[in-house]
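Working notes for the structure below.
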Amino acid sequence: MWRTIGAILAGFVAWWVVATILNIGVRLWLPGYALVEHALLFTLPMKIARLSLAVVASVAAGAIVRIVAPASRWAPWITGGALLAMFLPVHLLYVWSKFPIWYHLTFLLTLVPLVALGAELWPRGPTRST
């Protein structure tokens, strides 16, 4: 059980670390991104870049969950659910008017399955009881 809890926490932290590092890269790579980031006035390529970094962060989080607790089938789903529970109010209450609905739906509806996919893509290796 403790291993599963640790995996969930590690996956959650991994999502944030990967997303932060990739967001720094997007700031450096996309001209004008850093200037509009605070106001959330993104162009279409910027929105696609943000969604892409969320995909990579979600898959990476799932892989970390699998590494920490290879036997746990539910840990990736719980990690994704915790991320969704955190992001859902932010999107609904604070940024809904800043993005088109396709952006919100793409991010929110794929978050949990992408974490689970990241766990499935990582080889299970030797397993220990959770």
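Since every read-out is calculated from the coordinates, none of them should be taken as a lab result. Just so we're clear, the structure is a prediction, and the values are computed from it rather than from any experiment. Cβ placement follows ideal geometry from the backbone for every residue including glycine, while neighbour counts extend to all protein chains displayed.
Return the FRET efficiency for the residue pair residue 109, residue 2: r is the Cβ-Cβ distance, R0 is 22 Å, and the value is rounded to the nearest 0.05. Spell out each step's value before the answer.
Numbers: r = 31 Å, r/R0 = 1.42.
The calculated FRET efficiency here is 0.10.
Could you go through segment 42-52 in sequence order and give the Karplus-derived ³J(HN,Hα) for each residue, using 6.51 cos²θ - 1.76 cosθ + 1.60 with θ = phi - 60°, rounded to whole Hz, and x for Gly and Pro?
My calculation for segment 42-52 gives 7, 7, 4, x, 5, 5, 5, 4, 5, 5, 5 Hz in order.
Filter the chymotrypsin sites (Phe, Trp or Tyr not before Pro) in segment 34-86 to those in DSSP coil with at most 10 other Cβ atoms within 10 Å of their Cβ, and list the result. Walk me through the numbers before you get to the answer.
Details: sites: 42, 74, 77; in loops: 42, 74.
Passing both the DSSP loop test and the Cβ count: no residue.
Taking just the C-alpha trace of the chain, give me its Rg and Dmax in Å.
Values for the chain (Cα only, Rg and Dmax): 15.6, 49 Å.
Please sort by residue number the trypsin sites (Lys or Arg not before Pro) in segment 36-88 whose DSSP state is loop and whose Cβ has at most 14 other Cβ atoms within 10 Å.
Values: sites: 47, 50, 66, 73; in loops: 73.
Counting only loop positions with at most 14 other Cβ atoms within 10 Å, the trypsin sites (Lys or Arg not before Pro) in segment 36-88 are 73.
Check residue 71: other-chain or 5+ apart residues with amide H under 5 Å from its amide H, H built from backbone geometry?
Hits under the 5 Å cutoff: 128.
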